[in-house]
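Student: Sharing a structure here in structure tokens format.
The values are calculated or read from the model by the stated rules, or taken from the named source; none is laboratory data. Treat the numbers as computed from the prediction; the structure is a model and nothing was measured. When we count neighbours, we look across all protein chains shown, and the Cβ atoms used for this are built from the backbone with ideal geometry, even at glycine. To get the accessible areas, we keep the full protein, side chains included, count just its heavy atoms, and leave off ligands, DNA and RNA. Shrake-Rupley method; radii C 1.70, N 1.55, O 1.52, S 1.80 Å.
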Amino acid sequence: MAYVAIADRDHHLHDPTTFIEKYVWSQDHKVIAIQYGSVAIFVGLIALVLSLMMRLQIGFPGTFTFITPYKYYEFVTMHGMIMVIYLLTALFLGGFGNYLIPLMCGARDMVFPYMNMLSFWVYLVSVIVLLSSFFVPGGPTGAGWTLYPPQTVLEGTPGSQWGIVLMLASLAIFIVAFTMGGLNYVTTVLQARCRGMTLMRMPLSVWGIFVATILGLLAFPALLVAAIMMLLDRLIGTSFFMPALLSLGEQSGHEGGSPILFQHLFWFFGHPEVYIVALPAFGIVSDLLSTHARKNIFGYRMMVWAIIAIGALSFVVWAHHMYVSGMNPYFGFFFATTTLIIAVPTAIKVYNWVLTLWRGDLQMNIPNLFAIGFIFTFVHGGLTGLFLGNVTVDLPLSDTYFVIGHFHMVMGVSPVMVLFGAIYHWFPKLTGKMPNEILGRLHFWMTFLGTYAIYLPMHYLGILGMPRRYYAYGQTDFIPGSAHAVNEAITIAAIVVATAQVVFLINVFYSLWKGKPAGSNPWRATTLEWQTPQTPPVHGNWGPKLPVVYRWAYDYSVPGEKDDFIPQNEPPKGHHSLG
């Protein structure tokens, strides 16, 4: 699939004529990306504050009387769901997917700009519905971010009246928004690439976002039907997931439902969701490392096929989250095996990142610091995943702090490191200004060292057998005094990391105000988004003519060339330009 004619058709773009058309009901993919990113970061900051509330209770139990058991479980649930769905998924796909796909593919905009605009506003509605649960009677749901029945809808669980209804409704609305955006991303990649931009010339950022979007379009329907079925269980008394049981000494009125069915539906979505977040991170970090090491990515085709293989395998590993639910040993063997197999293409990517850095001309600027930091956090998080993928090791470690440590290193810290690296990398293109170097380095070191101080000790707590999701531990015999001291230290480290994000926000607003002019291509990068006629790019991106691509995205330090990079749209020597 080399060149598709739709890219060169005369695009009748909806040019904005008023402030509202330009910045509110905008159909420009770049403005929509900023809208997605701003809302995602805002709601992510709320989740960060919730995590601090949880840590204050765990580190210093009973000190903060406003953190009641009910509130604690509400914080746990809302923190997890916001971070995974409304921050990471929305920011990688809605934010960077929207901004990068048309620019990197040489398109003027998304194929369906109006639907793209709608996807953001529907996403915003889902966020408003979710946050409104803080203000309803009973507060938000406190059932845990995985929302396992039957406790989600039983009396006694926080938010079992309004909270769970708003959570499930918000998820359903989010999935509608994602579907509108996702169809746009896939269609734009397949149909609107500029002349010469073959699939195997696309930057790995586009490949990661493209495959992750396909995963989402296949996996989110499982969550959608699970949310609707649980809503029916809660509102009209059906029994999809609710078995016959006694609640507060009375028959619940349900019978015959299967809580395990919900777990299968949730995790059939939930494990691909890990890679819906991870694959864009893999692609983006590949581009950051190559650009800032001044070296072509090692094993480009292998990296592409590894992304595709990880995406395919992610659909056959979901039940490794359910070993403790009870399953036939042969099923346990199958899912443990597939979990180990998916580590192979992932390890290939790690080797290729390290080999890309090997003997490169490393530019130790802010984006590269975050990209290299990602390799460390991802390797450490991934190694502990090999332990948890093994049935016999997972059973005693499940529901302990070991799982919290693993999950946050691989699914929390690692993607967030890439997000920060990407924001610093594309900030000059987005704004025309350079981020402040001193504040950026301070932000990196506080975040990188602080997250290790939080999550490495959690593995120790998990091996001690310290269970997660407890409001208070009291004088528990099998938990030594050292565990309580460790929890205090973790809480202090969490406060430091939260403070680092304030430094990040200061950097963003200070650089917008007083940042140095960036020029059109401050990182001397090869990909198309850095070759636009204007910085920041205007509506339509490319002026009267679309670019023509002559080479792959990684021509760095080519022997015999005057510059240490060759843009994708620069013709070979002696070749007449097709532009």
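Student: For Ala453 and Phe19, compute 0.36 nm times the residue count separating them, minus their Cα-Cα distance, and round to one decimal in nm. Write out the running numbers ahead of the final one.
Tutor: Values: separation 434, 0.36 × 434 = 156.24 nm, distance 4.61 nm.
Gain in length upon complete extension: 151.6 nm.
Student: Given points 7 Å out from each Cα along the Cα-Cβ axis, report the Thr187 to Leu355 separation in nanometres with one decimal.
Tutor: Those two pseudo-labels are separated by 3.9 nm.
Student: May I ask for the Kirkwood hydrodynamic radius of region 316-457, worked out over all distinct Cα pairs and given in angstroms to one decimal?
Tutor: Numbers: mean 1/r = 0.0591 Å⁻¹.
About 16.9 Å, per the Kirkwood formula over Cα pairs.
Student: Could you tell me which of rounded, prolate or oblate describes region 114-261, using a ≥ b ≥ c as the square roots of the eigenvalues of the alpha-carbon gyration tensor, with rounded for a/c under 1.5 and, failing that, prolate when a/b is larger than b/c and oblate otherwise? Walk me through the numbers on the way to the answer.
Tutor: On the way: a/c = 3.52, a/b = 2.33, b/c = 1.51.
Prolate, since a/c reaches 1.5 and a/b exceeds b/c.
Student: Still on this structure, I have one more. Per 0.36 nm of contour for each residue apart, how much would the distance between Leu505 and Phe334 grow if the chain were fully extended, relative to their Cα-Cα spacing? Intermediate results must be reported in sequence, preceding the final value.
Tutor: Working: separation 171, 0.36 × 171 = 61.56 nm, distance 4.55 nm.
Gain on extension, Leu505 to Phe334, equals 57.0 nm.
Student: Ok, one more. Within the chain, which is the longest segment that contains none of the GluC sites (Glu not before Pro) sitting in a DSSP loop with at most 15 other Cβ atoms within 10 Å?
Tutor: Formally, the longest exposed-site-free interval is 256-560.
Student: Still on this structure, I have one more. Take the solvent-accessible surface of the protein heavy atoms, probe 1.4 Å, and return the percent of it on region 139-262 that carbon and sulfur atoms account for.
Tutor: Of all accessible area on region 139-262, carbon and sulfur atoms account for 68 percent.
Student: Counting only other residues whose beta carbon sits under 12 Å from that of Pro150, what net charge do I get with K and R as +1, D and E as -1?
Tutor: On the way: positive: Arg234; negative: Glu155, Asp233, Glu255.
Value of the local net charge: -2.
Student: Over the chain, average the accessible area per residue using a 1.4 Å probe and give it in Å², no decimals.
Tutor: 40 Å²
Student: Right, another one. May I ask you to list the trypsin sites (Lys or Arg not before Pro) in region 233-309 that are in a DSSP loop and have at most 16 other Cβ atoms within 10 Å of their Cβ?
Tutor: Arg294
Student: Right, something else. Classify region 219-289 as rounded, prolate or oblate from the Cα gyration tensor: take a ≥ b ≥ c as the square roots of its eigenvalues, call it rounded if a/c is under 1.5, otherwise prolate when a/b beats b/c and oblate if not.
Tutor: Verdict is prolate for region 219-289.
Student: Within region 427-487, list the chymotrypsin sites (Phe, Trp or Tyr not before Pro) lying in a DSSP loop whose Cβ has at most 11 other Cβ atoms in a 10 Å radius.
Tutor: Sparse-neighbourhood loop chymotrypsin sites (Phe, Trp or Tyr not before Pro): Phe478.
Student: Related question: Grab the Cα-Cα distance for Gln251 and Arg294, subtract it from 0.36 nm times how many residues apart they are, and report the gain in nm with one decimal.
Tutor: My answer for the length gained is 8.7 nm.
Student: Oh, and also: Give me the angle, in degrees from 0 to 90, between the Cα long axis of helix 69-81 and the longest principal axis of the Cα atoms of the chain, rounded to the nearest 10.
Tutor: 30 degrees
Student: Which pairs in the list Lys514/Lys545; Lys429/Lys562; Lys516/Lys545; Lys30/Lys433; Lys514/Lys562; Lys295/Lys545 are over 22 Å apart, alpha-carbon to alpha-carbon?
Tutor: With Cα atoms farther than 22 Å apart: Lys514/Lys545; Lys429/Lys562; Lys516/Lys545; Lys514/Lys562; Lys295/Lys545.
Student: Also: Compute the acute angle (0 to 90°) between the alpha-carbon long axis of helix 300-313 and the principal axis of greatest extent of the alpha-carbon atoms of the chain; round to the nearest 10°.
Tutor: Helix 300-313 and the main axis of the chain meet at about 30 degrees.
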